[in-house]
1. Against the conditions (1) at pLDDT 80 or above; (2) surrounded by 10 or more Cβ atoms within 10 Å (Cβ to Cβ), where does residue 51 fall short? Just the number, please.
2. For the stretch 18-41, which positions are closer than 29 Å to residue 53 by Cα and part of a strand (DSSP E or B)?
3. Under the condition of being loosely packed, with under 10 Cβ neighbours inside 10 Å and of a type outside the set (Asp, Glu), which residue from the stretch 8-18 is modelled with the lowest pLDDT?
4. Conditions first: (1) of a type outside the set (Asp, Glu); (2) modelled with pLDDT of 85 or more; (3) surrounded by fewer than 11 Cβ atoms within 10 Å (Cβ to Cβ). Residue 32 passes all but one, so which condition is the exception?
Amino acid sequence: MGTQTKARVFEDELGQAVQLPEGFRFATSEVYLKHDPEKGTLTFSEKPLPVADVEEMAELFARINASGGFEFDLDRDQAPHAEREEL
C-alpha cells in the first residue's frame, strides 16, 4: 500500500487546486483523475488508469455512444475475400 498524508486544498481563479507535498509531486504537467464517490476517493495518475470492472466499461461505452462515437454502419456490404495463391 502507498504512503498517505494530507495536502492543502485551496480555491484559485480556475477552481479548486491541491498543493502536493514534495514527495508526491508529478514529473508531468497533466495527470489523469478517477473519482469514486462511493469510496470518497480521488486518484491521480501520470498514466491512464485501467477500467476496473464491467460497470465502468458499460458507463464508458454509454458516454461514447451518447457523444455520437458509435455512429457508423456495421452492416456494410463487402465483397467476399479474394482467392489467393498460397505462398
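1. Unmet condition: (1).
2. Within the stretch 18-41, 18, 32, 33, 34, 35, 36, 41 meet the criteria.
3. So, considering only residues that are loosely packed, with under 10 Cβ neighbours inside 10 Å and of a type outside the set (Asp, Glu), the one modelled with the lowest pLDDT is 14.
4. Failing condition for residue 32: (3).
The values are calculated or read from the model by the stated rules, or taken from the named source; none is laboratory data. Remember, it's a predicted structure, so these values are computed and weren't measured experimentally. We place every Cβ from the backbone using ideal geometry, glycine too, and count neighbours over all the protein chains shown.
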